[in-house]
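Please treat every number below as a calculation from the coordinates, not as lab data. All figures in this text were calculated on a predicted structure; none of them were measured in a lab. Glycine gets a Cβ as well: all are built from the backbone with ideal geometry, and neighbour counts include every protein chain shown.
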Amino acid sequence: MIDFWLAAGLLLLIALSFLLIPVLRGRRAQREEDRTALNVALYQERVAELQVQQDEGVLNAAQLDTGRAEAARELLADTEGVEKPRESRLGKPLPLLAAFLVPVLGVSLYLHFGASDKVELTREFSQPPVSMEDMTQRLERAAIAQPDSPEGLYFLGRAYMAQDRAADAAKVFERAAALAGRQPELLGQWAQAQYFADNKQWSPKVQALTDEALKLDPKEVTSLGLLGIAAFEGQRYQEAIDYWSRLLAQLPAEDGSRAALQGGIDRAADKLKESGGSVAQKALLKVRVDLAPEVKAKALPGDSVFIFARAVSGPPAPLAAKRVTVAELPVTVELGDADAMMPQLKLSNFPEVQLVARISRAGLPTAGEWIGRSQPLASTTTALQQLTIDSPDK
């Protein structure tokens, strides 16, 4: 900030110079004007003396003319080189007043409309925080300086959650969702903060937020984890297993939280068995998809390939789906309950399904150029299935 104010001061001095230099020049011109007036007065006095001497008979007419000419030459010599003073309608006080008001007004306007707070925040964020409290305070100041930034509010909400300030986090996530739109990730974070702010009491508001998030994105991880926690706390252990299994399927193999999540699934399974229940068999179909030679000659590497399972007797919507490209074929994928498009439509809920693979150059899962279909099979089938895309999609 010191460098900034030094630069600002230098610019103010330059601006003042444009106001003060004309004033200083005006003073010099005034001095020149006063000297000229004195020379004219002396000339007039000399001419008057010559006229008196002629009246007294000391000088004749020729000598009077000679004396006048000499006085005139002296006047011209004294005033030679003096510039004509510039006239100004502003007067002297106004430029001086402006010279005083320019820096005062400039600093006042900058402090009111300027971005000194943002400059200071940028300097702060260039340094690593010394503590979580320090980072939270910086994010709070950033939210004040940029109240319309959903990103800043999102990170502030995460910081509040790390400090067990769930109620504050819920308010911040609500503001972020209002600014950025109802994004699935924001809705999931908002629902989680609201759940903990309500002392882990499930509410219609939290249910509505998680439902909306999963409707927009069935794989939204925060909502899946939260629903699993709520189900476990409510002793609905099978639901907890289902939600956490779907979440586990989204995590990369190297994610460190996979072990903890799997531990939660195992504890829920143990609790279910202790209560006399049994873990429901999860459907998991493995399918290898390839192209028929005549299709391979026509398909483009960037064309989308949608691989999905749908119920033989049931809704036409896919129960589970994966998306790849023609360039990745042949490919082997797994379709299971974790890939459900909607929570209530899972493979394990339907005894018989059909596998479908569709090529769509436009990237639409409902229509394309070529398709391949399997014969009906049990949703509990474990053997690898072969599926060939070999027919025009009609």
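Some notes on this structure:
- Peptides 307-315, 225-233 ranked from most to least packed give 225-233, 307-315, packing being the mean of other C-beta atoms within 10 angstrom over each peptide's residues.
- Summarising the label geometry, the points placed 7 Å from Cα in the beta-carbon direction at Ser391 and Glu45 lie 12.6 nm from one another.
- Checked against a 30 Å cut-off, the cross-linked pairs Lys215/Lys286; Lys200/Lys286; Lys296/Lys322; Lys171/Lys215; Lys273/Lys346; Lys171/Lys219 give Cα-Cα distances beyond that limit for Lys200/Lys286.
- Theoretical FRET efficiency, 1/(1+(r/R0)^6), r = Cβ-Cβ of Ala383 and Gln235, R0 41 Å, to 0.05: 0.70
- Each Lys or Arg adds one and each Asp or Glu takes one away; over the other residues whose Cβ falls under 13 Å from the Cβ of Asp303, this sums to +2.
- Our estimate of slack between Glu56 and Val324, defined as 0.36 nm per intervening residue step minus the Cα-Cα distance, is 83.9 nm.
- Other residues with beta-carbon under 11 Å from the beta-carbon of Gln183 carry, at +1 per Lys or Arg and -1 per Asp or Glu, a net charge of -3.
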